[in-house]
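Below is one structure, written out as structure tokens; comments come after it.
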Amino acid sequence: MTSPKHSNAETHYQRGLDLLADGSPGDAARAFRAAIDADPAHMEAHHGLVRALRDAGRLEQAVGAALALTALTPNDPLAHTALSISLQHAGHIPEAEAAAARARILEWKIQLRSPAGEDSQP
């Protein structure tokens with residue numbers, strides 16, 4: 001059974017996705033923040049927030065949201081990729097390259113841990 005907290009977060013998250021698809025990234029960012037407020041562990045909402053802020057041109061806020069995401073999931077290559085993209089858009093190229101390198105290293109570690117032939121998703 002889904003908890004009310006998760007259900008509320010998921011409702012806000014889905015609204016954020018719809019708003020992002022409709023070309024309203026500022027409104028989408030507010031919806032993703034509401035999802036995170038309802039469930040701080042909703043990683044998809046964190047990813048959505050980073051994207052919405054980037055699309056809204058709030059690049060330094062996107063970097064901050066991506067840094068928060070990497071703090072929550074330090075071993076997630078996708079979080080570091082989101083950080084790299086945000087840093088690149090904000091013009092922080094050396095930092096973006098470092099975040100991209102970190103994402104590659106984490107992905108390689110995942111691949112090395114998984115048996116040959118299996119999907120390498122975390």
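Restricting segment 80-122 to residues that are hydroxyl-bearing (Ser, Thr, Tyr) and modelled with pLDDT of 95 or more leaves a set whose member that is surrounded by the fewest Cβ atoms within 10 Å (Cβ to Cβ) is THR81.
Has segment 30-51 got at least one residue that is closer than 17 Å to LEU106 by Cβ, in contact (Cβ under 8 Å) with a residue 24 or more places away in the chain and surrounded by fewer than 18 Cβ atoms within 10 Å (Cβ to Cβ)? Yes, segment 30-51 contains at least one residue that is closer than 17 Å to LEU106 by Cβ, in contact (Cβ under 8 Å) with a residue 24 or more places away in the chain and surrounded by fewer than 18 Cβ atoms within 10 Å (Cβ to Cβ). Scanning segment 1-29 for residues that are at pLDDT 95 or above, among the aliphatic types (A, V, I, L, M) and surrounded by fewer than 16 Cβ atoms within 10 Å (Cβ to Cβ) returns a single hit, ALA21. Residues in segment 3-21: is at least one under 30 Å from GLN111 (Cα atoms) and of a type in the set (S, T, N, Q)? No; the residues of segment 3-21 include none that is under 30 Å from GLN111 (Cα atoms) and of a type in the set (S, T, N, Q).
Restricting attention to segment 34-68, which residues are outside any helix (DSSP H, G or I) and within 19 Å of LEU78 (Cα to Cα)? Of everything in segment 34-68, those that are outside any helix (DSSP H, G or I) and within 19 Å of LEU78 (Cα to Cα) turn out to be PRO40, ALA41, HIS42.
The values are calculated or read from the model by the stated rules, or taken from the named source; none is laboratory data. Values in this document were obtained by computation on a predicted structure and should not be read as measured data. FYI the Cβ positions are ideal-geometry reconstructions off the backbone, even for glycines, and counts take in every protein chain you see.
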